[in-house]
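Step one of this worksheet: look at the structure below.
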Amino acid sequence: MPDSSFPHSSSALLDAVEQSPKAVAVHDKSAWVGLFAADGQVNDPVGSTPHVGPEAIGRFFDTFIAPNTIEFDVANDVVAGMSVFRDLTVRTTMSTGVTMHIPMHLRYDLVSEGPDNAPKIQRLFAHWELQKMIGQLLTSGGRGLLASVILGPQLLRHQGLSGCAGFLRGLSGVRKRGKRRVEDLVAALGRTDVPTVSALLAPNATLSTDGVTKATVAEFVSTAQHLAVDKLLAAGHTVTATVRLNGRRGVGLFEFARDSADRGAISAVRLYI
């Protein structure tokens, strides 16, 4: 049963999230946009300019969902508080017939809204690597090249020049250096090397081993000593990873500092297990 802090059960949150791929599968724009809170936002991919509010979210649907056939192959779900993390691969078949397989982690932050306090998506974060998707498209033969030619005018028509520029912001971020720092952190955790862990983190970094409760550096090192990671995805100033810890599987979210003083340091680690 939900408690006073989190008014919805895990099953209710998972059901709310599952309505998204269902609406996408049948190209039901009204149903999909209606899943979001009034101030909802779509960050897809993370690092690009967010689409905020029903009108912008509707344009996102017209640009990236309506022309394509999209299937969600979900490997694992984790609920933490009012958030759901999905570990999945998305198969997108574009209008030319080319199909791309995109490794992804999806984070849904939900909120209660309306007279029935139904769970609505307040923020959707899609962690995937735009540069690799573009590479996959360009190396997929004639159908892939044609799809890339079609995509440009499609973006411009629905998003405008500023929207196109905002989408391409998804190409920037921590990329390979961020992944290496996460791997260094995991190695230091395995050695219970508190000084090295501390050196990799920004001052006052936020740490959590359940996605909700904060931990000190010492507590985090003790709890996450046997952390293992794979499927590292760098999107914007974050790296996500499929994580395993003490026989449990989940998703890890590693955020990086943006200010000049701590640039490159990990500012938050949240394990959703």
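The numbers here are math on the coordinates, done by the rules we state, and not lab data. Just so it is clear, the structure is predicted and the values come from calculations on it, not from any experiment. Don't worry about glycine lacking a Cβ; one is built from the backbone with ideal geometry, like all the others, and counts go over all protein chains shown.
So how many Å³ per residue does the convex hull of the Cα atoms of the stretch 1-54 work out to?
On the way: hull volume 5.8 nm³, N = 54.
Considering the Cα atoms of the stretch 1-54, their hull volume per residue is 108 Å³.
Taking a quarter of the surface of the Cα convex hull of the stretch 10-171, what do you get in nm²?
On the way: hull surface 35.5 nm².
Projected over every direction and averaged, the Cα hull of the stretch 10-171 covers 8.9 nm².
Between residue 199 and residue 76, what's the calculated FRET efficiency when r is the beta-carbon distance and R0 is 25 Å? Round to 0.05. Show your work: numbers first, answer last.
Details: r = 31 Å, r/R0 = 1.26.
The calculated FRET efficiency here is 0.20.
Using 10 Å bins from zero, what percent of all Cα-Cα pairs in the stretch 146-201 falls into each bin?
21, 27, 16, 17, 16, 2
Over all distinct alpha-carbon pairs, what is the Kirkwood Rh of the stretch 161-273 in angstrom?
On the way: mean 1/r = 0.0699 Å⁻¹.
Averaging 1/r across every pair of different Cα atoms and inverting gives 14.3 Å.
Suppose R0 equals 25 Å. What FRET efficiency, 1/(1 + (r/R0)^6) with r the Cβ-Cβ distance, do residue 93 and residue 11 give to the nearest 0.05?
Values: r = 31 Å, r/R0 = 1.24.
E(calc), rounded to 0.05, equals 0.20.
Which links in 120/176; 22/214; 120/179; 29/179; 176/214 stretch past 30 Å when you go from one Cα to the other? Intermediate results must be reported in sequence, preceding the final value.
Values: 120/176 34 Å; 22/214 34 Å; 120/179 32 Å; 29/179 35 Å; 176/214 27 Å.
Over 30 Å apart, Cα to Cα: 120/176; 22/214; 120/179; 29/179.
What's the center-to-center distance, using Cα atoms, between the stretch 75-113 and the stretch 1-68 in Å?
11
If you rank 161, 14, 138, 201 by fewest surrounding Cβ atoms within 10 Å, what's the result?
Working: 161 9, 14 17, 138 12, 201 22.
Final ranking by Cβ density, sparse to dense: 161, 138, 14, 201.
Take residue 168, project a point 7 Å from its Cα along the Cβ direction, then tell me which residues of the stretch 121-154 have their backbone nitrogen under 12 Å from it.
152, by backbone N distance to the label point.
Put a dot 7 Å past each Cα toward the Cβ at residue 265 and residue 187; how far apart are the dots in nm?
Output for this residue pair reads 2.1 nm.
Quick one: order 98, 251, 149 by neighbouring beta-carbon count within 10 Å, fewest to most. Working shown, then result.
Working: 98 19, 251 27, 149 11.
By the 10 Å Cβ count, ascending, the order reads 149, 98, 251.
For residue 217 and residue 29, compute 0.36 nm times the residue count separating them, minus their Cα-Cα distance, and round to one decimal in nm. The partial results should precede the final answer.
On the way: separation 188, 0.36 × 188 = 67.68 nm, distance 4.46 nm.
That works out to 63.2 nm of additional length.
Under the rule a/c < 1.5 gives rounded, and otherwise a/b versus b/c splits prolate from oblate, where does the chain land using the Cα gyration tensor? Let's see the in-between values first.
Numbers: a/c = 1.88, a/b = 1.33, b/c = 1.42.
Because a/c hits 1.5 or more and a/b fails to exceed b/c, the chain counts as oblate.
Please state, as a whole number in µm²/s, the translational diffusion coefficient that the Stokes-Einstein equation yields for the stretch 83-132 at 4 °C and 1.567 mPa s, with Rh defined as the Kirkwood radius across alpha carbon pairs. Working shown, then result.
Working: Rh = 12.8 Å.
In µm²/s, the coefficient rounds to 101.
Counting only residues 5 or more places away or on other chains, whose amide H sits under 5 Å from the amide H of residue 140 once H atoms are built in the peptide plane?
145
Tally Lys and Arg at +1 and Asp and Glu at -1 over the other residues with C-beta under 9 Å from the C-beta of residue 85: what net charge comes out?
Details: positive: 86, 107; negative: 77, 87.
Combined, the nearby Lys, Arg, Asp and Glu give 0.
Whole-Hz ³J(HN,Hα) for each residue in the stretch 223-240, computed from phi via Karplus 6.51 cos²θ - 1.76 cosθ + 1.60 with θ = phi - 60°, x for glycine and proline: what do you get?
Along the stretch 223-240, the couplings run 6, 9, 4, 9, 5, 10, 10, 8, 6, 6, 10, 9, 9, x, 9, 9, 10, 10 Hz.
Based only on other Cβ atoms within 10 Å, what is the fewest-to-most ordering of 271, 189?
Numbers: 271 27, 189 24.
Fewest to most other Cβ atoms nearby, the residues stand as 189, 271.
Report the relative contact order of the stretch 10-171, percent, no decimals, based on alpha-carbon pairs under 8 angstrom and at least 6 residues apart.
Details: 287 pairs, mean separation 39.8, N = 162.
Reported relative contact order: 25 percent.
With an 8 Å cut-off on Cα pairs and a minimum separation of 6 or more residues, tell me the relative contact order of the chain in percent.
Numbers: 559 pairs, mean separation 46.0, N = 273.
Dividing the mean separation by the residue count of the chain yields 17 percent.
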